[in-house]
Every structure is written in C-alpha cells, then in structure tokens.
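Read through the structure below, which is laid out as structure tokens, and then see the notes.
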Amino acid sequence: MTDQLHASATHTDPDADPRRGPRRHSRRVLAAIAVGGVLGSTARYGLAELVPAPAERFPWVTLGINATGSLALGVALTLIVERFPPSRYLRPFVATGFLGAYTTYSTFAVETVMLVRDGHPTTAIAYVVASTVVGLAAVLLGIRLGRAVPLPAGRS
C-alpha cells in the first residue's frame, strides 16, 4: 500500500505546459484540498466546542479527534487506493483536505507543552504515549476495516 500511496502522490497535471515542465497539482486538486480542509477544520472546531476541556486536564477531545481521524484515514486511503477506481480529486479532498484539517498535531503539541508548563509532566507523558499508541492502533484498524470491504466487480 505504501508504494501505491507514494506513486499516486506524484501525479502530474496532463494539461501542464510542456515548456515549463509538469505541474505537481492542478488548481482543481488544490480546490478539492481547500474544500476538504474547510469541512475538516469546521468539524474539529465543532467537536471541540461541544466538549470543552480544561487546560490542566488530560486532553481527551484532541485525543479522540486524532484517533477517529487516524481510523478514518486508514479506512479512506485503503478504500481509495486499493478498492475503488482511481479518482483524481477524492484522495486529496478526503486525506489531505478533510482529515488533514480534522486531525491536529499542532493542538496536540501545544497541549503537551502546556501540561508540562503547568506542572503536569506525568499527564503530558501519558498523553504523548496514548496519542501515539491509539493513533497507530486506529490507523491499523482502519486499514483492516478498509480491506474487509469486498472488491468492486471487475477488480482483482
């Protein structure tokens, strides 16, 4: 799957100007990423607003968002890359746009630093370990779930 992911990440625009060389992405692909990003960041913001978390407590909301995003990424990329016909816009929209904006490494990093700064290093360490273990387990589960989906007719 990794080779397929890397290979599909380097698509060039077939309409690129041959005198200037291939463009990495077309404006439409960038628009798909942008629309996905707006939707993903809005979803994350909405969840964070629904469940406010005090700064000195374990950041359950961010952990949950990153875990569900990892699960969704595993499922989505497996389905997009291995199960269904290629789509030029689906992967950038879902993986880079929506899930890239929905999950949040920056909030994770800031929350960890704030926990340490505010005198909660044990909670910070637990958060880092939990985020890593839960995120990896979620993406692996997502890949398994994606591979459990039967191949469409005509694909083997």
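Please treat every number below as a calculation from the coordinates, not as lab data. For clarity, every value in this text was computed on a predicted model and none was experimentally measured. All Cβ positions, glycine included, derive from the backbone under ideal geometry; neighbour counts span all protein chains shown.
Ranked for footprinting exposure by Cβ neighbours inside 10 Å, fewest first, 98, 108 give 108, 98. Qualifying GluC sites (Glu not before Pro) in region 34-129, where qualification requires a DSSP coil assignment and no more than 12 other C-beta atoms within 10 Å, comprise 56. Relative to one another, the C-alpha centroids of region 124-149 and region 38-66 are positioned 17 Å apart.
Our coupling estimate for region 30-46, obtained by passing each phi through the Karplus curve with A = 6.51, B = -1.76, C = 1.60 and θ = phi - 60°, is 4, 5, 4, 5, 5, 5, x, x, 4, 5, x, 5, 5, 5, 4, 4, x Hz, Gly and Pro reported as x. What the Cβ-Cβ distance of residue 90 and residue 144 gives, at R0 = 22 Å and to the nearest 0.05, is a FRET efficiency of 0.60.
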